[in-house]
Amino acid sequence: MAWLWGLGKGLTVLFWWVVLLNLFTPATYPFNLLINITGAALMLLHLLEVFLFRASLRGRSHPWFDRLQILLVGIFHVRSIPTRSVQESNNA
């Protein structure tokens with residue numbers, strides 16, 4: 001299952017490269033708008049994920065780096081964060 005999350009991260013980074021490339025050298029008419037709209041929607045979704053998963057980032061060694069990775073690859077990074085065990089959460 002870990003390879004699937006890695007594949008998702010890679011494809012998401014590839015999509016962001018397409019969005020950046022489209023900003024500097026736009027594609028033909030209907031596709032440039034679709035790429036820009038999809039990129040903006042994905043960025044809004046990733047911002048929402050940062051907001052919703054901020055509690056799970058507390059106690060991490062580098063929470064700002066985790067936020068940056070969530071902005072880049074979204075749920076694929078959230079799923080790779082190990083969850084705290086029940087005993088650790090009871091002790092906290």
Worksheet item: Taking 0.36 nm per intervening residue step and subtracting the Cα-Cα distance, what contour gain separates Ala2 from Arg79 on full extension?
Response: 26.8 nm
Fill in: MRE, 222 nm, helices only [DSSP H, n ≥ 4, -39500 (n - 2.57), over the chain, to nearest 500]
-24500 deg cm²/dmol
Fill in: Diffusion coefficient, µm² s⁻¹, Stokes-Einstein with Kirkwood Rh over alpha-carbon pairs of the chain at 4 °C and 1.567 mPa s
88
Item to complete: Using θ = phi - 60° and the Karplus relation 6.51 cos²θ - 1.76 cosθ + 1.60, list the HN-Hα couplings for the stretch 47-55 in order, rounded to whole Hz, with x at every Gly or Pro.
Response: 5, 5, 5, 4, 5, 6, 9, 5, 5
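Bear in mind that the values in this text are calculations on the coordinates, not laboratory data. Given the structure is predicted, the values throughout are model-derived calculations rather than measurements.
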